[in-house]
Amino acid sequence: MPQTLDAAAVRSWCSLALDALGREREEIDAINVYPVADGDTGTNLYLTVESAAQAVEAVFAAHATRATEPAPGDAVRAMAHGALIGARGNSGTILAQLLRGMAEVLAPPAPGDGDHAARLAPALRRAAELARAAVAHPVEGTILSVASAAADAAEAAEAGAGGRTADGGATVRAAYAGARAALAATPDQLAVLGRAGVVDAGGRGLLAVLGALVRALTGEVPAALPAGHRRHEDPATVAPGSGPGPEEGGGPAFEVIYLLEAGEAAVTRLRERLDRLGDSLVVVGGDGLWNVHVHVDDAGAAVEAGVEAGRPYRIRITHFGAAAHPPEQVQRAVVAVVPGEGLAGLCAEAGATTVLARPGEPPASGELVEAIRRAHAREVVLLPNDAALRHTAAAAAEQARTEGVRVALIPTRAAVQGIAALAVHQPDRRFDEDVVAMTTAAGATRYAELAVAERQSWTMAGICQAGDVLGLIEGDVAVIGADLAATAEAVLTRMLAAGGELVTLVLGEDVPDALADRLERYVREGHLAVDTVVYRGGRQSVPLLVGVE
């Protein structure tokens, strides 16, 4: 197999890493005793890499429309960015920074016909350095030690080549071997690991990622580790919660994670403030986008610090005690994907567990599975609310079913269909009856959206120019206009021509209330029997969503 780090090899690396973490997720979760024994390191690493792989696939899909191949740098940058925005937990956040460090070295074009694989040793060194810098108080015997050992071994392999052209395959083999040896030594470096008789879970996950890189470059499958990956190959299972945790007074009560848009100076001040508030502080990223992870007792203060630094979003707060002692399982729940914070609040008030889909960042199947788990119900109704998510939602539903949850997937193609389905949801009736009623309500809701054209293109309604307002009904461009309000009125006219009793308008963050007032009057004057409801969707991909029931 060619040992060349081109875009295809990066894509293969992502896919193989995701497969490896998928196979080993539960085992890595089981040995997770540091920094908090919450048994989720394997899951967090899997979700982080899933986001990275999704970003790489998006790059390939974009190039496929132009019949071109992406450059290696495009694929590497996408992998790092996807990991950053999807990073979960302490180890997932550090892995995102490791990938960012590698991307800094690997992404620039190779001179002449040079191979990016020749830069693997300096890329691994940069990754290890950035990861350590991102952690407020680095600790040996963790993923950081494993990353440093991989870089050391890679550099030694290149030095031993005697000045010959670097062999990417030899470099990654050496890095893997160095990382494996360092992983075996982690129980001697960190007392909590030694007492539990396990290696570091984060380091174990990084070894799986490096093993995938070996396979992507050489075609070789690294030798399997002993079952359980215990220090002394002890077959006993270490249950999550066996190490020190908040419930034993061993640390803060909450894990807080969020993405943050902010400048370097503001992030420096944020680091100082969060370091005073809690521990396990990791802040990764750059160029205005950061992923913040910290363990604190005052979750609100950690979020407020982010608000003062910039714009935090995708905020996730986990109570460690609640994770160790989950609430009693309920009979039924609804999980809904929503395109903006406003609808997330609306759906949450109606009792749904929500997954936020930000513009250009659709949720991965792992996020949907995690939301289903978070709902903690025997029966779950899943509302993807986007036609493009049908396969992702189906995969999530199938995974949840293997875990014993009864899942019904209602193929809602727009948020307004999800709102209609949620409005008729009755958890006290039979599951099948509830699903039928929700499916019927969603199916009876026609949907449209108003978007702004980014470029000149052909549509079913004719040629549009950049900046034109497009009225899409059921996914197809039906109206092209120059004004948002007038185009919306034209869309409503077409939709109400087929009848209707209720119009739902979901306004984007920057759309003035005056638009809603004008459209409400327009509907009332032309259709006396039709009611109109208006919701604020927050930051969403389009300025206006429309539903007609």
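The values are calculated or read from the model by the stated rules, or taken from the named source; none is laboratory data. In this text, all values refer to a predicted model and were calculated from it rather than measured experimentally. We place every Cβ from the backbone using ideal geometry, glycine too, and count neighbours over all the protein chains shown.
What is the one condition in (1) buried (at least 24 other Cβ atoms within 10 Å of the Cβ); (2) within 26 Å of ALA157 (Cβ to Cβ) that GLY89 does not satisfy?
Going through (1) buried (at least 24 other Cβ atoms within 10 Å of the Cβ); (2) within 26 Å of ALA157 (Cβ to Cβ) one by one, GLY89 breaks only (2).
Which numbered condition trips up LEU120, out of (1) under 25 Å from the mean Cα position of the chain (by Cα); (2) crowded, with 24+ Cβ neighbours inside 10 Å?
Exception for LEU120: condition (1).
Do you know which of the residues in the stretch 334-387 that are among the aliphatic types (A, V, I, L, M) and assigned to a loop (DSSP other than H, G, I, E, B) is modelled with the highest pLDDT?
Once the filter is applied, the top-ranked residue is ALA352.
Has the stretch 403-423 got any residue that is touching a Phe, Trp or Tyr at 6+ places or on another chain (Cβ under 6 Å) and either among the β-branched types (Val, Ile, Thr) or within 28 Å of ARG311 (Cβ to Cβ) (or both)?
For the stretch 403-423, residues touching a Phe, Trp or Tyr at 6+ places or on another chain (Cβ under 6 Å) and either among the β-branched types (Val, Ile, Thr) or within 28 Å of ARG311 (Cβ to Cβ) (or both): present.
Name the residue that is nearest to GLU361 (Cα to Cα), counting only residues in the stretch 510-549 that are acidic (Asp, Glu) and under 36 Å from the mean Cα position of the chain (by Cα).
ASP510
Could you please let me know if LEU472 is touching a strand residue (DSSP E or B) at 6+ places or on another chain (Cβ under 7 Å) and closer than 16 Å to ILE419 by Cα?
So LEU472 does not fit the description; no.
Between a residue in the stretch 442-462 that is basic (Lys, Arg) and any residue that is surrounded by 14 or more Cβ atoms within 10 Å (Cβ to Cβ), which pairs come within a Cβ distance under 6 Å, given they are 6 or more apart or on different chains?
ARG446/MET495; ARG446/VAL548
Among the listed residues LEU99, LEU106, LEU16, which satisfies the condition of being closer than 25 Å to GLY141 by Cα and either hydrophobic (A, V, I, L, M, F, W, C) or touching a Phe, Trp or Tyr at 6+ places or on another chain (Cβ under 9 Å) (or both)?
Criteria check complete, one pass: LEU99.
State all residues of the stretch 212-251 that are modelled with pLDDT of 85 or more and part of a loop (DSSP other than H, G, I, E, B); if no residue qualifies, say none.
GLY219, GLU220, VAL221, PRO222
Which of the residues spanning the stretch 498-535 are closer than 20 Å to THR445 by Cα and without any contact (Cβ under 8 Å) to a residue 12 or more places away in the chain?
Matches in the stretch 498-535: GLY499, ARG524, LEU528.
Considering the stretch 410-430 alone, what residues qualify as being under 22 Å from the mean Cα position of the chain (by Cα) and buried (at least 22 other Cβ atoms within 10 Å of the Cβ)?
Of everything in the stretch 410-430, those that are under 22 Å from the mean Cα position of the chain (by Cα) and buried (at least 22 other Cβ atoms within 10 Å of the Cβ) turn out to be THR412, ALA414, ALA415, GLY418.
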